[in-house]
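What follows is a set of notes on a single structure, which appears directly below.
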Amino acid sequence: AVIQTEVAEDPEKISTVHLQLGLPLVFILSHKETYEADRRTAEFVAWQLLGKAGVALLSRDLVDLNVLHRSNIALKTPDEGMPIQYLVLEDTDEVITLVEDKNKVIQIQEDEQEEEDEDEEENNNQDIQDDQVVEAVSRDKKRELPLEQILVLTEESFHSSLSQAARTVVLFYASWEAVSLAVLRSYSEVAALLKGTPGVLLSRVNCWDWTGLCSQENVTQFPTLRIYQQGQHSVTYGGMWGTEELSSFIVLSQVSCPLKLATMDEAEGYLRGEFPPELSSHHHPSLLGVFSTATSEAREAFEEAGNILSGHVRMGMYFEEDALALSQKYSVSPPALLLARSRGRSVEGISLSKHSVQDMVQMIRNELLDVFPEITVPNLPQYLQLGKPFLILFSADDISQMESKEMLKVAKRRTQQEFVACWLNLKKTPVGHGILRTYFATTPSLPVLVWVNLRGGGQVFQFPSEQPITELNILSWLEKLQAGLEIPSSALSEEDWKPPLPAYNFLQMMEHSVAELSPQPGHSPAQQPPSSPGGDSATQESRAEKVVSPGRDLRGTAPRLAARDKQGKRHSEL
């Protein structure tokens, strides 16, 4: 029998027989994507509170409540004039205690007020927070994320939802973990950018709620982003977590990598960025492999490299009879790569001399790097991994056309790409101010040109400020550097950059907890007295009841920031 009620209006306007009899009314706040779990939770709570309170299941999708999104319980008392209490509880035991102990509401409110006071105190002392991601999430945690465009998946809906679109993007995250919450913000921005994109469905799974599903999908770290194609093959994302990088990966994953082109017109359209239509509105460099029938080894390596780089690089492949004519148009012969930038206005022909997959992947990554890039936080790792010195121009804003032209000449003339010529916009990337303070005792006037070799003693050299930044002046200065005729402005410390506080060893904590729960010698479970007069059979029935009782952890209602803010403390407090 159904003993709970389903309602779809403001709780303030609802009156039931329970309220008329002087009993409280408990609302389980539900969402459409977790309706089944919420209904089971409501039914379980209703049986537990039979004769003590009424239980109603309220759909938040049908009623516009001006309360926190994470609130999952509402309590309405029969006392006239008493406001409805909206709470965040973690399991059904707390709901039962709430009804049975009239002082519990006051206690919960006091606890939440204490947590808010602690949060405010933490925000006023952010300078001692050792984790910048935790700090940012803690500061913004009261801001509701716009997640309406992202489908919430559960154990019941996961597999059926994968077949709804050609490609389903799934973010696996943990609602208590700081990096997951930071990525969730980027993901919500991606959803807004890609809204209406045909054949792409954005979704999320909270692994804190659905541990079995995440274990089944072999999710071993949070967050993890995967793209499932027709519910079968999946690709795991391995790049930076910024909005631009995530959206680029999702967009590029819409087409095969490499994409096989059938005609010369398709190949030319591909280089111009017009083909395939799914990518025509997105500006990515196009890389086209051109192969003859005699270059099967290189073609196979290129195909395997495409599988590795899928979602990160726009790659096409052409191996028709007129492949030689296409490659010779750009002064190369098959096997070759054609690299098109600026939608085909600049096409560079590159001969393929190495045919191993690893060599080809590394060569493709290096060729896609800009000749004179602007250094940002997301792209810095790509250039650091080259292990080369940096010739970097720091600018207060965009660099002038003359500076860009002269630096580009230097970048193109460098011998065998022996260093990375680049620039950094301090207005766009303010972390550059901290870099300059590390390089120099006092911040120099801008723009300033700096040479730094992180792997060669960390010496920092400053280009003479009285000289104009021209190709000839820069090359002359670099020659003096190589000859040891210039004095370094400073040298970076060789000390490792370590966290301010030691790492928090969760596994050790778990092992310690397990050890405490292990039976002590001479105290085996069989020696324990029965917990009820009914003996062992009653105990077994009680255990069975606990196993099958649904909805015990309220996981179906709202993202459970479990042990929620209490686990977000600084490491020094844990």
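The values are calculated or read from the model by the stated rules, or taken from the named source; none is laboratory data. Remember, it's a predicted structure, so these values are computed and weren't measured experimentally. FYI the Cβ positions are ideal-geometry reconstructions off the backbone, even for glycines, and counts take in every protein chain you see. For accessibility, only protein heavy atoms count, side chains too; no ligands or nucleic acids. Shrake-Rupley method; radii C 1.70, N 1.55, O 1.52, S 1.80 Å.
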>> For the structure I just gave you, tell me whether Thr236 is modelled with pLDDT of 90 or more, over 28 Å from Gly349 (Cβ atoms) and in contact with a Phe, Trp or Tyr (Cβ under 8 Å, 6 or more places away or on another chain).
In response: no
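Yes/no per residue for (1) without any contact (Cβ under 8 Å) to a residue 60 or more places away in the chain; (2) under 23 Å from Ala166 (Cβ atoms):
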| site | (1), (2) |
| --- | --- |
| Val200 | yes, yes |
| Trp210 | no, no |
| Glu217 | yes, yes |
| Tyr228 | no, yes |
| Leu252 | no, yes |
| Leu259 | yes, yes |
| Gly269 | yes, yes |
| Asn307 | yes, yes |
> Hey, Ile227 hits all of (1) over 29 Å from the mean Cα position of the chain (by Cα); (2) under 22 Å from Ala191 (Cα atoms); (3) of a type in the set (A, V, I, L, M, F, W, C) but one; which does it fall short on?
Replying inline: (1)
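Filter segment 35-63 down to the residues that are modelled with pLDDT under 85 and buried (at least 22 other Cβ atoms within 10 Å of the Cβ) and list them by number.
Going residue by residue through segment 35-63, those that are modelled with pLDDT under 85 are 35-37, 60-63.
Once the filter is applied, which keeps residues that are modelled with pLDDT under 85 and buried (at least 22 other Cβ atoms within 10 Å of the Cβ), segment 35-63 yields only Ala37.
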> Going by the structure shown, is Ile150 at pLDDT below 75 and aliphatic (A, V, I, L, M)?
Replying inline: no
> How about segment 441-489: which of its residues are surrounded by 15 or more Cβ atoms within 10 Å (Cβ to Cβ), out of contact with any Ser or Thr (no Cβ under 6 Å at 6 or more places or on another chain), of a type in the set (S, T, N, Q) and touching a residue at least 12 places away in the same chain (Cβ under 8 Å)?
Replying inline: Asn453, Gln459, Thr470, Ser489
>> Which of the strands (runs of 3 or more DSSP E) found entirely inside segment 267-372 contain at least 2 residues meeting this: at pLDDT 90 or above and of a type outside the set (A, V, I, L, M)?
In response: 286-290, 314-318
> Of the numbered conditions (1) open to solvent by 30 Å² or more (accessible area, probe 1.4 Å); (2) in the same structural domain as Ala301 (by the TED database); (3) free of Cβ contacts under 8 Å to residues at least 24 places away in the same chain, His433 satisfies every one except a single condition; which is it?
Replying inline: (2)
> Within segment 373-388, which residues are open to solvent by less than 40 Å² (accessible area, probe 1.4 Å) and part of a loop (DSSP other than H, G, I, E, B)?
Replying inline: Pro373, Ile375, Thr376, Asn379, Gly387
>> Could you check segment 246-255 and list, in sequence order, the residues that are touching a helix residue (DSSP H, G or I) at 6+ places or on another chain (Cβ under 9 Å) and either assigned to a loop (DSSP other than H, G, I, E, B) or modelled with pLDDT under 90 (or both)?
In response: Gln254, Val255
> What number of residues within segment 277-319 are over 12 Å from Met360 (Cβ atoms), open to solvent by less than 10 Å² (accessible area, probe 1.4 Å) and out of contact with any Ser or Thr (no Cβ under 6 Å at 6 or more places or on another chain)?
Replying inline: 7
